[in-house]
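What follows is a short report on a single structure.
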Amino acid sequence: GGGMVGRGWRDVCKQVTTLLSGSGVECDGDCVEVEYVRELVRGGWCLSEAEVGAVLRDIFGTRLPRKSQMDKLQRAVCKQVSFHPSATCGPVLLMLGKGLCSLPWESMPVARGQPICRCPSLSFVHAQQIMRSDLSGIVVEREKTFYVLNPKGDLPRTEKSFAWFCGEEGWEGVVGRAPTVEETSTALKDKDIYIYCGHGSGESYMLSGQLLSLDSRAVAVLMGCSSGMLTDSDDSDPTGRALNHLISGSPAVVANLWDVTDKDIDRFCNKLLESWLDPPSPSPSPS
């Protein structure tokens with residue numbers, strides 16, 4: 001990030017203390033607000049100037065009541081931040097404890113526009129590096145896709161929204177019926193993409209033990225309610241279908257952290273596939 005020390009930092013400290021003192025607030029260079037500003041200057045390189053201003057308003061609240069005072073402070077801080085709006089960060093790997101894994105960290109504004117994903121642990125990442133000598137060399141061929149569409153037969157709108165699956169070159173799948181264990185197993189081992197559009201994560205069509213025994217290669221797109229939710233009991237680590245896919249060898253899993261209506265899931269899945277695979281324009285979801 002754009003760290004800052006020396007005279008520049010002293011100028012910001014002076015600006016903060018001067019403005020606060022002018023507002024009748026007792027503050028010296030070691031107060032907590034100044035510490036917050038220091039961290040903002042250090043890490044603000046990935047924010048916009050408007051976002052820096054919003055952070056400053058959160059820090060000082062009503063302690064700087066006049067807009068002119070806040071604007072002056074914002075200009076002083078922004079002058080010290082080394083903004084890099086077009087900078088490309090390396091991938092961010094989230095290794096979340098069970099108290100944090102249900103929160104949508106990937107949706108934070110600071111995470112927009114950069115690669116970010118969840119991993120079970122550092123040991124898991126290390127194992128992936130050993131098994132896949134060049135992780136950047138993983139290629140997904142869209143023609144090697146298997147889909148499970150409305151397996152329970154009670155999501156007619158979803159089935160209609162993704163009817164275009166059936167016309168995609170090379171795509172195979174099942175519609176309106178449950179896949180067999182053999183079909184699911186073959187798809188995960190031989191295909192590059194496995195798309196599930198139904199209830200949950202499809203665990204009722206292949207038991208966890210059967211999934212974990214596979215040598216999967218397909219990216220799993222699980223578009224059911226809470227398909228990515230992890231559960232835990234007492235002191236155990238969280239477990240779930242998404243983790244099982246990763247452990248079995250899937251290079252990536254896309255899933256939902258909680259229950260979502262089928263209409264919203266369909267809209268999201270269509271947008272995901274359109275931006276990722278660039279298929280022919282899919283039929284829009286019925287309103």
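Being in contact with a helix residue (DSSP H, G or I) (Cβ under 8 Å, 6 or more places away or on another chain) and assigned to a helix (DSSP H, G or I) is the filter; apply it to segment 106-126 and report the residue that is least open to solvent (accessible area, probe 1.4 Å). The qualifying residue least open to solvent (accessible area, probe 1.4 Å) is Ala111. Residues in segment 1-59 that are among the aromatic types (Phe, Trp, Tyr) and modelled with pLDDT of 75 or more: Tyr36 only. Taking segment 151-166 as the search range and keeping residues that are in contact (Cβ under 8 Å) with a residue 12 or more places away in the chain and part of a helix (DSSP H, G or I), which one is most open to solvent (accessible area, probe 1.4 Å)? Per the criteria, the residue is Lys160.
The residues of segment 175-191 that are surrounded by fewer than 22 Cβ atoms within 10 Å (Cβ to Cβ) and either assigned to a helix (DSSP H, G or I) or at pLDDT below 95 (or both), listed by number, are Val181, Glu182, Glu183, Ser185, Thr186, Lys189, Asp190. May I ask you to list the residues in segment 199-254 that are among the polar types (S, T, N, Q), open to solvent by 30 Å² or more (accessible area, probe 1.4 Å) and outside any loop (DSSP other than H, G, I, E, B)? Ser204, Ser208, Gln210, Thr231, Thr239 - these are the residues of segment 199-254 that are among the polar types (S, T, N, Q), open to solvent by 30 Å² or more (accessible area, probe 1.4 Å) and outside any loop (DSSP other than H, G, I, E, B).
In segment 142-150 there is no residue matching the filter, namely being out of contact with any Lys or Arg (no Cβ under 7 Å at 6 or more places or on another chain) and assigned to a helix (DSSP H, G or I).
The values are calculated or read from the model by the stated rules, or taken from the named source; none is laboratory data. Quantities reported herein were computed from a predicted structural model and do not represent experimental measurements. Neighbour counts run over all protein chains shown; Cβ positions are idealised from the backbone, glycine included. Heavy atoms of the whole protein, side chains included, go into the accessibility calculation; ligands, DNA and RNA do not. Shrake-Rupley method; radii C 1.70, N 1.55, O 1.52, S 1.80 Å.
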